[in-house]
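To start, the structure itself, in structure tokens.
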Amino acid sequence: MKNNPQYLNRLINLIKDIYKEKNIQLHRPILNKNDQKFLVDCVKSNYVSSVGMYVNDFEKKISDITGAKYTIATVNGTSALHIAMITCGIERNNEVLTQSVTFVGTCNAISYIKAHPIFIDVDKDTMSMSPLSLKKFLNKNAKKIKNLTYNKKTGRVIRACLPVHTFGFPARIREIKKICKEWNIKLIEDAAESLGSYIGKKHTGTYGDISAISFNGNKIITTGGGGMVLTNNRNYAERARHLSTTARIKQGYEYIHDEIGYNYRLPNINAALGCSQVSMLDEFLEAKLLIHEIYARFMELNNISFLSERKGTKSNNWLFAMIASNEDEKKMVLDTTNKKSIMTRPLWKLMHKLPMYKNAIKAQLPNSIWLEDRVINLPSSVPINYNKKILESIKNEIT
Ligand SMILES: Cc1ncc(COP(=O)(O)O)c(C=O)c1O
């Protein structure tokens, strides 16, 4: 049995210092009195389901934050992705370029349409889709005929590209967008984790044709379960809204449904929580930035790589990720911390290794595999009773 790495006890003490909880979760929501007030108000209004002022209000608030012209609230991030893809015209048997480093929801949304994912490698420094890997894959495997791009081997249309802003850290989306434009491929951003993250001054999720955010309980702000479609395209917005509300058309006192739609509208009661949570976003971002600085300083002093925002981008620091030297070290850190009630987690199992995607088409994935062997997600919540001064003093005491 090998020894634990030297830094581990100090890292455990640091995490305990930041969180001061018995059971330290990976990412817990922070819910306060104001959240309760909004929820009670919603219950009192009797509008707890798919109609109500909170849903519209929540959509408007997310529009204001992200700068997206249109926002459509859904029951979760996966349904937002599903709707985004149908809206963009992805069809059965199309192929969708995505990354193997992601949460399964990304690929589920592709599979719901009976389209096929193609796994592209990620960059080590963003853990998000590598433009170079994307370019290489297309140059080698795709051909353009008229306005469509085909996979030379399968003969299927490669219709869209679905990169993820992994852990809230912005992908190289400008470069990816350029490649998509060259190949006439739709760009759908999986911004599930990246509310509050920017590339330059532009919010993640506003670069592509359409995108999706998640408000699951583990995200930077939560509606319990919830999601949002973002787009600047009016036709897409109208279609997304129609499809996510069971394709319902009001005719006087009658409703008709003019195609097969989805019952994906976010309930008002979840949106009420969203409206209250959104008012905390700036404070959550500030706290997370400070925790990132604490971890980053520790990692630098101990020569450990740590996921950090690239120059010219701003991350919401949703989930912190350190990179162990090798797989053994990763396992030791995971075992020891979890035994001490500090929840740490390895990277998701790579999508191309899951039974449903084991035969999927893929690029060479050396970085994805390298990261799978080494990445450890550290506790990333905003601390309960967050106090800026306390976190600053923890940061200053790291030597
Ligand atoms: C990258 C990514 N994509 C999609 C989703 C799906 O979101 P949800 O869980 O709200 O369906 C999540 C989050 O859970 C995610 O992290």
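The values are calculated or read from the model by the stated rules, or taken from the named source; none is laboratory data. Values in this document were obtained by computation on a predicted structure and should not be read as measured data. Note: ideal-geometry Cβ built from the backbone for every residue, glycine included; neighbour counts use all protein chains shown. When the accessible area is computed, the model is the full protein with side chains, heavy atoms only, and any ligands, DNA or RNA have been set aside. Shrake-Rupley method; radii C 1.70, N 1.55, O 1.52, S 1.80 Å.
From the backbone phi of the stretch 151-166, what are the Karplus-calculated ³J(HN,Hα) couplings (6.51 cos²θ - 1.76 cosθ + 1.60, θ = phi - 60°) in whole Hz, Gly and Pro given as x?
7, 4, 7, 8, x, 7, 6, 8, 9, 8, 10, 10, x, 10, 7, 4
Out of the total accessible area of the chain (probe 1.4 Å, heavy atoms of protein only), what percent is carbon and sulfur?
On the chain, the fraction of accessible area on carbon and sulfur atoms equals 50 percent.
Please compute P(r) over all alpha-carbon pairs of the stretch 33-278, binned at 10 Å starting from zero, and give each bin as a whole-number percent.
With a bin width of 10 Å, the distribution comes to 8, 32, 34, 18, 6, 1.
If you scale each eigenvalue of the Cα gyration tensor by 5 and take the root, what three semi-axes come out for the stretch 1-121, rounded to whole angstrom and sorted largest first?
Gyration-tensor ellipsoid for the stretch 1-121: 35, 30, 12 Å.
Just need log10 I(q)/I(0) for the stretch 161-239 at q = 0.14, 0.18, 0.26 Å⁻¹, Debye formula, equal scatterers on the alpha-carbon atoms, no solvent, rounded to two decimals.
The computed values of log10 I(q)/I(0) come out as -0.44, -0.71, -1.24.
Residue by residue through the stretch 276-287, which ³J(HN,Hα) values in whole Hz follow from phi under the Karplus form 6.51 cos²θ - 1.76 cosθ + 1.60 (θ = phi - 60°), with glycine and proline marked x?
Listing the rounded values in order: 6, 4, 4, 5, 9, 4, 4, 5, 4, 5, 5, 4 Hz.
For a quick check: with amide H placed at 1.01 Å from N, whose amide H comes under 5 Å from N218's, ignoring anything fewer than 5 positions away on the same chain?
none
Taking R0 as 51 Å, what's the FRET efficiency between V104 and E392 from their Cβ-Cβ distance, rounded to 0.05?
After rounding, the FRET efficiency stands at 0.85.
Which value, in Å² rounded to 10, gives the accessible area of H257 with a 1.4 Å probe and all protein chains present?
Accessible area of H257: about 100 Å².
In whole angstrom, note down how far apart the Cα centers of the stretch 316-370 and the stretch 1-50 are.
Cα centres, the stretch 316-370 to the stretch 1-50: 22 Å.
Once you place label points 7 Å from the Cα toward the Cβ at E300 and N338, how far apart are they in nm?
That separation, rounded to one decimal, is 3.2 nm.
How high is the FRET efficiency from I260 to N139, r the C-beta distance, R0 41 Å, rounded to 0.05?
That pair, I260 with N139, gives E of 0.60.
Show the residues, 5+ positions off or on another chain, whose built amide H is closer than 5 Å to the amide H of C161.
Correct list: L97, K186, L187, I188.
Identify which of P383, P355, P163 has the largest mean-square fluctuation in a Gaussian network model of the chain, with springs joining Cα atoms closer than 10 Å.
P355
For the chain, what is the percent of antiparallel DSSP beta bridges, rounded to the nearest 5?
Percentage antiparallel, nearest 5: 65.
From the residues V229, G217, S276, which one has its Cα farthest along the dipole of the stretch 33-278 in the positive direction, the dipole being from +1 and -1 charges on Cβ of Lys/Arg and Asp/Glu about the Cα centre?
Among V229, G217, S276, the one farthest towards the positive end of the dipole of the stretch 33-278 is V229.
For the chain, modelled as a Gaussian network with Cα springs under 10 Å, which listed residue fluctuates most, A191, A73, A360?
Highest fluctuation among the options: A360.
For A142, which sequence-distant residues (separation of 5 or more, or a different chain) have an amide H within less than 5 Å of its own amide H, given hydrogens modelled in the peptide plane?
So A142 has HN proximity to K152.
Dipole of the chain, Cα-centred, from +1 at each Lys and Arg C-beta and -1 at each Asp and Glu C-beta, to the nearest 20 debye?
980 debye
Please work out whether the stretch 242-386 counts as rounded, prolate or oblate from its C-alpha gyration tensor, where a ≥ b ≥ c are the square roots of the eigenvalues and a/c under 1.5 means rounded, while otherwise a/b larger than b/c means prolate and anything else oblate?
oblate
Of K202/K311; K144/K178; K219/K349; K178/K202; K16/K349; K124/K153, which pairs sit farther than 18 Å apart, going by alpha carbon to alpha carbon?
From K202/K311; K144/K178; K219/K349; K178/K202; K16/K349; K124/K153, over 18 Å: K219/K349; K16/K349; K124/K153.
Quick one: Karplus J couplings for the stretch 21-30, per residue in order, coefficients 6.51, -1.76, 1.60, θ = phi - 60°, nearest Hz, x for Gly and Pro?
Coupling constants for the stretch 21-30: 10, 5, 9, 9, 7, 5, 7, 9, x, 10 Hz.
Compute and list, largest first, the equivalent-ellipsoid semi-axes of the stretch 195-323 from the alpha carbon gyration tensor, each √(5λ) rounded to a whole angstrom.
38, 16, 12
Can you put Y236, Y255 in order of accessible area, largest first, using a 1.4 Å probe?
Largest to smallest exposure gives the sequence Y255, Y236.
Treat every Asp and Glu Cβ in the stretch 193-286 as -1 and every Lys and Arg Cβ as +1, leave all other atoms uncharged, and give the resulting dipole magnitude about the Cα centre to the nearest 20 debye.
Dipole of the stretch 193-286, to the nearest 20 debye: 180 debye.
Name the residue from W183, L26, A84 whose Cα lies farthest towards the positive end of the charge dipole of the chain, charges +1 on Cβ of Lys and Arg and -1 on Cβ of Asp and Glu.
Of the listed residues, the answer is W183.
What is the magnitude of the charge dipole of the stretch 63-127 about its Cα centre, with +1 placed on the Cβ of each Lys and Arg, -1 on the Cβ of each Asp and Glu, and no other charges, expressed in debye to the nearest 20?
So the dipole magnitude of the stretch 63-127 works out to roughly 240 debye.
Just going by the charge dipole of the chain, with Lys and Arg at +1 and Asp and Glu at -1 on Cβ, which of G208, Y255, F169 is farthest out on the positive end?
Checking the options against the dipole of the chain, the answer is G208.
Among the aspartates and glutamates, which have Cα under 18 Å from the Cα of K314 when same-chain residues fewer than 8 positions away are ignored?
D64, D123, D125, E175, E189, D190, E193, D282, E283, E286, E293
Just the number please: accessible area per residue for the stretch 1-61, 1.4 Å probe, all protein chains included, in Å².
Per-residue value: 69 Å².
Structure shown: which of K114/K353; K22/K339; K339/K388; K60/K181 lie over 23 Å apart, alpha-carbon to alpha-carbon?
The answer is K339/K388; K60/K181.
Based on Cα positions only, what radius of gyration and what Dmax would you give for the stretch 110-210, in angstroms?
13.5, 40
Given a 1.4 Å probe, how much area per residue of the stretch 181-322 is accessible, in Å²?
On a per-residue basis, the stretch 181-322 sits at 40 Å².
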